[in-house]
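Chemist: Starting off with a structure, shown below.
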Amino acid sequence: MATSGATTETSSDESLYPIAVLIDELRNEDVQLRLNSIKKLSTIALALGVERTRTELIPFLTDTIYDEDEVLLALAEQLGTFTTLVGGPEHVYVLLRPLESLATVEETVVRDKAVDSLRHICQEHSVEHLEQQFVPLVKRLAVGDWFTARTSACGLFANCYPRLSVATKSELRAYFRSLCQDDTPMVRRAAASKLGEFAKVVEPEYLKSDMIPMFVALATDEQDSVRLLAVKACVSMAGLLPQEDTEALVMPTLRASAEDKSWRVRYMVADSFIELQNAVGPEITRNDLVQAYQLLLKDVEAEVRAASAGKLKDFCQNLDPSAQETVIMNNILPCVKELVSDSNQHVKSALAGVIMGLSPILGKDNTVSHLLPLFLSQLKDECPEVRLNIISNLDCVNEVIGIQQLSQSLLPAIVELAEDSKWRVRLAIIEYMPLLAGQLGVEFFNQSLSKLCMTWLVDHVFAIREAATNNLRKLVEKFGHDWADTHVLPKITAMSRDGNYLHRMTCLACINVVGEVCGKELTTKTLLPTVLALAQDNVPNVRFNVAKTLHIIGPHIEKESLMSQVKPVLDRLNEDLDTDVRYFASVASLEMAPLFA
């Protein structure tokens, strides 16, 4: 029996040995070893048990909190998942002390992670522990000597506030007010970023008396970095207050922000504009936001104009339907006409990405009269991104004015771009051709654009020929085998007889991509004879490309033809006078051996 007891003791020591090693690694000089040990904290805690984790491991971690940032970051993340390891919600408060220390360190990412973990375990506190343990922590951080503690405190109010007593809630609102008035801009920024979140959990009767004064103070702060964060809080405030209070208490400050001397504040207003519009409702939008939006569209800073232009479609869609068309035509469209010829390409590009969305709102007549001239102007813009954004959204206009009107107005501009002297412009149009094909339909495509696609295959620029070749595959996938047989394969076959060897090479490149999507029957009956005929070409480059093509389309050729036609040709090319031809033929033969078996 004594022997058995000794064995059990030895076994216990052996099971704890790796834990001792891990704890030693926490003290090791090597940062990587300490980091690895921190990442295995849950293993250590499981082995120690909840009692020893609370009484030994957590105090040990708290005492060794001064370390490299990456170790502290891992520790802050681990502690947020430790609730069960310390004995569940009734003991979760033991995690507060190390996390409080982590929430005061200099490195921002560590503080943020510690705050995230504190917010998480806050939910697991009982009301009693929340009042006795968590709230004192928040108060200590809120009056900390270092700004790092006070910035961390700002992120904790909203999580604990709803479950507290009336008296404690009042104290917390006072603490938050002092943070909004802190001498350090970094603290005021943190308060501004969390103000909207806090406002959502504060009782309605305190919104006007406590939260609005804080918001106004932050929105008029001397630091633009504070003012711009207050704009986000404005969205929350507007969604919480009755309409008349929003109009009286929030909108004056928002109007001032839309005309702020700092472009960064105005940019934030533009970036948040749709959220603001949804929060305040159609009436305030009509009375206040339309005018503010006009100002932002005309802003002197290109970044602000671009952000505003990008919201055009959503803003117009959200307008009150009864006044939608009038507001757009009288207030918005004049600004849009100026932006079409803006000096900044980012502004024009942002506008081009959304302007087509006005067509369904304004209807056919207004689209033809007012929007089409703008689209045409943008299709001729020197910036490729502007032109492509217009082309990629043509389906919006197609649905409103129909293919006939679209072809008369926009197609000439598309064709002009497709034949542009600058090869990069032609390249951009090629890449959008499958998209256009889907929007315009096969019949219209055959009449107007099919010829263009084939013309690009013999362009003098290689990049254009390559893009046009890849384009064919997408078109065949979109329109099907019958369309390919009628409109694509005859052109490819004709290219194989072209006097220019580069065009014959392009023919093989086309077969490489089309042969994979045409189906075995078409590939075998139509494409294979063309490839085999080129095997006798007098240019070695063409012949070794034949070998490469046979290798690529081999799996898409019927077995009988592989044996009777492909294998003899490869055998002949394996004996070609040209070294390169023999090399590629041997590679193709070797790779295709399973197909011939």
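The values are calculated or read from the model by the stated rules, or taken from the named source; none is laboratory data. Nothing here was measured: the structure is a model prediction, and the numbers come from that model. Because the Cβ atoms are built from the backbone with ideal geometry, glycine has one as well, and the counts that use them run over all protein chains shown.
Chemist: Can you name every one of the helices (runs of 4 or more DSSP H) wholly within segment 450-500 that holds 1 or more residues which are among the β-branched types (Val, Ile, Thr) and within 15 Å of Glu431 (Cβ to Cβ)?
Modeler: Filter on segment 450-500 gives 462-479.
Chemist: Go through (1) assigned to a loop (DSSP other than H, G, I, E, B); (2) under 15 Å from Ala103 (Cβ atoms) one by one and return the number of the condition Leu179 breaks.
Modeler: (1)
Chemist: If you don't mind, there's one more thing I want to ask. Considering every residue within segment 182-189, establish whether at least one is surrounded by 15 or more Cβ atoms within 10 Å (Cβ to Cβ), of a type in the set (A, V, I, L, M, F, W, C) and modelled with pLDDT of 90 or more.
Modeler: yes
Chemist: Okay, next question. Given Arg497, Arg473, which one is of a type in the set (Lys, Arg), modelled with pLDDT of 85 or more and within 21 Å of Asp537 (Cα to Cα)?
Modeler: After ruling out the rest, the residue left standing is Arg497.
Chemist: Kindly list, by first and then second residue, each pair from a residue in segment 79-101 that is among the charged types (D, E, K, R) to a residue that is surrounded by 19 or more Cβ atoms within 10 Å (Cβ to Cβ), limited to pairs with Cβ atoms under 6 Å and residues at least 6 apart or on different chains.
Modeler: Here the result reads Glu100/Leu137, each pair linking segment 79-101 to a residue that is surrounded by 19 or more Cβ atoms within 10 Å (Cβ to Cβ).
Chemist: Could you please find all residues in segment 200-233 being part of a loop (DSSP other than H, G, I, E, B) and within 15 Å of Leu179 (Cβ to Cβ)?
Modeler: Val202, Asp221, Gln223
Chemist: When you scan segment 124-160, how many residues do you find that are over 22 Å from Gly87 (Cβ atoms) and among the acidic types (Asp, Glu)?
Modeler: Residues in segment 124-160 being over 22 Å from Gly87 (Cβ atoms) and among the acidic types (Asp, Glu): 1 in total.
Chemist: Going by what's in this entry, would Thr469 be described as out of contact with any strand residue (DSSP E or B) (no Cβ under 9 Å at 6 or more places or on another chain), more than 23 Å from Asp576 (Cα to Cα) and hydroxyl-bearing (Ser, Thr, Tyr)?
Modeler: Considered against the rule, which asks whether it is out of contact with any strand residue (DSSP E or B) (no Cβ under 9 Å at 6 or more places or on another chain), more than 23 Å from Asp576 (Cα to Cα) and hydroxyl-bearing (Ser, Thr, Tyr), Thr469 comes out as yes.
Chemist: On to the next question. Take the residues in segment 32-63 that are within 21 Å of His91 (Cβ to Cβ) and among the polar types (S, T, N, Q), then tell me which one is surrounded by the most Cβ atoms within 10 Å (Cβ to Cβ).
Modeler: Among those that are within 21 Å of His91 (Cβ to Cβ) and among the polar types (S, T, N, Q), it is Thr53.
Chemist: Next question. When only residues in segment 123-147 that are of a type in the set (Phe, Trp, Tyr) and in a helix (DSSP H, G or I) count, which is nearest to Phe198 (Cα to Cα)?
Modeler: Taking the candidates together, the pick is Phe134.
Chemist: Sticking with this one: Looking at segment 189-216, I want the residues that are over 23 Å from Glu247 (Cβ atoms) and have a partner that is buried (at least 19 other Cβ atoms within 10 Å of the Cβ) and among the β-branched types (Val, Ile, Thr) with Cβ atoms under 9 Å, at least 6 apart or on another chain. Which pairs are those?
Modeler: Here the result reads Arg189/Thr151; Arg189/Val226; Ala190/Thr151; Ala191/Thr151; Ala191/Val226, each pair linking segment 189-216 to a residue that is buried (at least 19 other Cβ atoms within 10 Å of the Cβ) and among the β-branched types (Val, Ile, Thr).
Chemist: Starting from segment 522-540, keep only residues that are in the same structural domain as Pro490 (by TED's automatic domain parsing), then list their pairs with residues that are of a type in the set (Phe, Trp, Tyr) whose Cβ atoms are within a distance under 7 Å, requiring at least 6 positions of separation or different chains.
Modeler: Val539/Tyr501
Chemist: How about segment 234-325: which helices (runs of 4 or more DSSP H) wholly inside it have at least 1 residues that are free of Cβ contacts under 8 Å to residues at least 40 places away in the same chain?
Modeler: Where helices (runs of 4 or more DSSP H) fall fully within segment 234-325 and carry at least 1 residues being free of Cβ contacts under 8 Å to residues at least 40 places away in the same chain, they are 251-258, 263-271, 290-297, 302-309.
Chemist: Evaluate segment 213-230: report whether one residue or more is surrounded by 19 or more Cβ atoms within 10 Å (Cβ to Cβ) and closer than 22 Å to Lys298 by Cα.
Modeler: Yes, segment 213-230 contains at least one residue that is surrounded by 19 or more Cβ atoms within 10 Å (Cβ to Cβ) and closer than 22 Å to Lys298 by Cα.
Chemist: With the condition kept exactly as written, say whether any residue in segment 280-298 is under 19 Å from Ala192 (Cβ atoms) and hydroxyl-bearing (Ser, Thr, Tyr).
Modeler: No, segment 280-298 contains no residue that is under 19 Å from Ala192 (Cβ atoms) and hydroxyl-bearing (Ser, Thr, Tyr).
Chemist: Now for a different question. Return yes or no: is Met433 outside the structural domain of Glu382 (by TED's automatic domain parsing) and among the aliphatic types (A, V, I, L, M)?
Modeler: Taking the combined requirement at face value, the residue does not satisfy it.
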